[in-house]
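First the structure, in the form of structure tokens, and then the observations on it.
The values are calculated or read from the model by the stated rules, or taken from the named source; none is laboratory data. This one's a predicted model, so the numbers in the text were calculated from it and none came from an experiment. Methodologically, a virtual Cβ is constructed for each residue, glycine included, from the backbone with ideal geometry; neighbour enumeration extends over all protein chains shown. What goes into the accessible areas is simple: the full protein's heavy atoms, side chains included, and nothing from ligands, DNA or RNA. Shrake-Rupley method; radii C 1.70, N 1.55, O 1.52, S 1.80 Å.
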Amino acid sequence: MKNPKLKISALILALLLVFCGCSTAGEEDGEEIITDFSYDMLDLSTLVDKIYAGAEISDLTFLSVEVVDDYQTLSEQYYLDLSKVIDYEIRSAEGKYGVADVAILRVEEGAADEIMASLENRRDDRINEFSRYDVYDSYEIALNATIYQADELVVMLMLDENSKAAAMETIDSFLP
């Protein structure tokens, strides 16, 4: 190659291919690939937003869902010892228009069983509440609530079966 412009063009093209042209699967689709996952990076609020976005609940139920974050409610109605919780996002429907409760808690090591027992008590309270006043199958939904541990997270899903399955897929998509 005797032409200097051709050499420069070839060099620029080679540099572009090296620095810009190489991507791994997923990056081409605009997805960010995370290789070093940390629970400190997990935004529980965003995760719960996505769960509700995929849930099949009535508009009235959805509008009655509120964030539960005051200490008294968490200790008295959810039976939680917050000293064993690192982070949490809890949302609960009022109940007059149905149930759609989601609780995701990141817990201290060794505290999962205690936190799960607390959420089971909350579930039992909701079952009792809806046994007297069942709207939009709330009694059945509360009775079939799922409470489980996913590594550092303890999860309670008080949603209908389809919404619960979608929620579990959403949770799994956020975890390594």
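The table below lists the values:
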quantity	calculated
Selection status of residue 171, hydrophobic (A, V, I, L, M, F, W, C), farther than 19 Å from residue 50 by Cα and not in a loop (DSSP other than H, G, I, E, B)	no
Selected residue (only one of 74, 60 is surrounded by 18 or more Cβ atoms within 10 Å (Cβ to Cβ) and free of Cβ contacts under 8 Å to residues at least 40 places away in the same chain)	74
Cross-chain or 6+ apart pairs with Cβ under 7 Å, region 106-122 first and over 10 Å from residue 154 (Cα atoms) and modelled with pLDDT of 95 or more, then of a type in the set (Phe, Trp, Tyr) and surrounded by fewer than 18 Cβ atoms within 10 Å (Cβ to Cβ)	118/79; 121/79; 122/79
Residue identified as within 16 Å of the chain's Cα centre (by Cα) and surrounded by fewer than 21 Cβ atoms within 10 Å (Cβ to Cβ) among 86, 104, 90	86
Within region 88-143, tally of residues that are part of a helix (DSSP H, G or I) and among the small types (Gly, Ala, Ser)	6
Residue within region 148-170 that is of a type in the set (S, T, N, Q) and touching a Lys or Arg at 6+ places or on another chain (Cβ under 9 Å) present	yes
Failed item in (1) open to solvent by less than 40 Å² (accessible area, probe 1.4 Å); (2) under 21 Å from residue 43 (Cα atoms), with residue 141 passing the rest	(2)
Residues satisfying the stated conditions in region 42-57, i.e. in a loop (DSSP other than H, G, I, E, B), in contact (Cβ under 8 Å) with a residue 12 or more places away in the chain and not β-branched (Val, Ile, Thr)	42, 54, 55, 56
Subset of region 144-167 that is free of Cβ contacts under 8 Å to residues at least 60 places away in the same chain and assigned to a helix (DSSP H, G or I) - its residue that is least open to solvent (accessible area, probe 1.4 Å)	164
